Amino acid sequence: LIGFGCSVGLLISFFIGLFLSNRALVPIQRSWEKQEQFVSDASHELRTPLSVIQTHLELLFRHPTNTIEQESTTIYKGLTEVKRLSKLVEDLLTLARTGSNEQLINPEFFSMDELLRNIVEQFEPIADMKDIKMEDEIEGNIIYFGDKERIHQLLVILLDNALKYSVSNDKITIYSYKEGGNLRINIEDTGTGIPEKDLPFIFDRFYRSDKERARATGGTGLGLSIAKWIVEAHGGQISAESRLYEGSQFVIKLPIKNHLSKLT
Ligand code: ADP
């Protein structure tokens, strides 16, 4: 009887062990599946510009009698894809490194209002060229403790999108002000807007609401996932609201309370 009791006990502990180890493996397997999905999406995305470049080079090689105009058009199209490809590789590298243990945030104290104003100045000529109005309301004297380069990258991603998905006579507005313990930055545009069904997914890697349109604008579908990572690495939150054909609003909330108290 004692022997039987022992075997039952052993059997039960074996199944409990099996159950627990399976449960422990689930997150590892999920992360592995995510990684696999990332590699497969990345390869797919890299293949597209590469084959376009190959086609254009073959055109140049096979038709040496083309006129200069025809050749420059082919070269221009090839170059556009080269630019897309290097942007894609750069974005992929950033995202791949976020998964490693590397120290990617190097915080320092800097003037957030100065950074915002510099970026607005940097984008104004591009907006002018597209006949898009740019306005800003930036609260002064905001000293922020964070990675200046990354915050710059975050704002460039959002403003770049606002410009990409706006047309002539649209308007982009940047607000920045303190709200409770947070610094709030709003980037609004009156551009094309995002379909309701796509809105929950726009921060996902490689997600583009309209692949062809995004391709035409040089998009990679990685910008917003990088933006989300930067905001979260600073302990903040990012969200989006949008109405199709009316425009979009991206809201960033970055905690500043602790950072400021460190100064005083
Ligand atoms: P992409 O490189 O394609 O712009 P993002 O990750 O930056 O990739 O954005 C994901 C998708 O979200 C875009 O393809 C686009 O469909 C949509 N999107 C992002 N920002 C805007 C915006 N300001 N207006 C309209 N659509 C936007």
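The values are calculated or read from the model by the stated rules, or taken from the named source; none is laboratory data. Note that this is a predicted model, so its numbers are computed, not measured. Neighbour counts are summed over all protein chains in view; Cβ atoms, including those assigned to glycine, are modelled from backbone coordinates with ideal geometry. Surface accessibility is based on the protein's heavy atoms, side chains included, excluding ligands, DNA and RNA. Shrake-Rupley method; radii C 1.70, N 1.55, O 1.52, S 1.80 Å.
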Next on the checklist: If you take every residue apart from residue 238 with its C-beta less than 12 Å away from the C-beta of residue 238, what net charge results, scoring Lys and Arg +1 and Asp and Glu -1?
Outcome noted: +1
Checklist entry - From the cross-link list 197/228; 148/228; 77/197; 148/253, which pairs have alpha carbons spaced over 26 Å apart? => result 77/197
Next on the checklist: Going Cα to Cα from residue 178, which aspartates and glutamates come in below 16 Å? Please leave out same-chain ones fewer than 8 positions away.
Outcome noted: 113, 114, 136, 137, 139
Checklist outcome for this item: The alpha-carbon center of segment 36-54 and that of segment 160-198 are separated, in whole Å, by 30
Next on the checklist: Could you work out how much longer the chain between residue 69 and residue 141 gets when fully extended? Use 0.36 nm per residue separation minus the Cα distance between them, nm to one decimal.
Outcome noted: 20.7 nm
Next on the checklist: Quick check: net charge around residue 137, other residues with Cβ under 12 Å of its Cβ, Lys/Arg +1 and Asp/Glu -1?
Outcome noted: -3
Checklist entry - What's the angle, to the nearest 10 degrees (0 to 90), between helix 68-98's Cα axis and the longest principal axis of the chain? => result 30
Next on the checklist: Which residue, 40, 181, 239, has the largest displacement toward the positive end of the dipole of the chain when charges sit on each Cβ (Lys, Arg +1; Asp, Glu -1)?
Outcome noted: 40
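Please compute the per residue accessible area over the chain with all protein chains in place, 1.4 Å probe, rounded to a whole number of Å². Numbers along the way, then the final one.
Numbers: 16300 Å² over 264 residues.
Dividing the accessible area of the chain by its residue count gives 62 Å².
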Next on the checklist: Please compute the modelled spin-label separation between residue 24 and residue 103, points set 7 Å along Cα→Cβ, answer in nm with one decimal.
Outcome noted: 3.1
Checklist entry - Spin-label point model (7 Å from Cα, Cβ direction): what's the residue 93 to residue 245 distance in nm? => result 4.3
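Rank by packing, highest mean first: peptides 180-190, 122-132, with packing defined as the count of other Cβ atoms within 10 Å averaged across residues. Can you show the working numbers first?
Numbers: 180-190: 18.9, 122-132: 14.1.
Peptide ranking by packing, descending: 180-190, 122-132.
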Item to check | Under 12 Å from the Cα of residue 130 - aspartates and glutamates, other chains or at least 8 residues apart | outcome: 170
Checklist entry - Where the only charges are on Cβ atoms (+1 Lys, Arg; -1 Asp, Glu), what is the dipole of the chain about its Cα centre, to the nearest 20 debye? => result 900
Checklist entry - If we sort 58-66, 232-240 on the protection proxy, mean other Cβ atoms within 10 Å, highest first, what's the order? => result 232-240, 58-66
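Can you pull the percent of the chain's accessible area that's carbon plus sulfur, 1.4 Å probe, other chains left in place? Mind dumping the intermediate values first?
Details: 9320 of 16300 Å².
C and S fraction of accessible area: 57 percent.
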Checklist entry - If one takes the longest principal axis of the Cα atoms in the chain, at what angle in degrees, from 0 to 90 and to the nearest 10, does the Cα axis of helix 2-62 lie? => result 20
Checklist entry - Label points 7 Å out from Cα along the Cβ direction at residue 133 and residue 80: separation in nm? => result 3.0
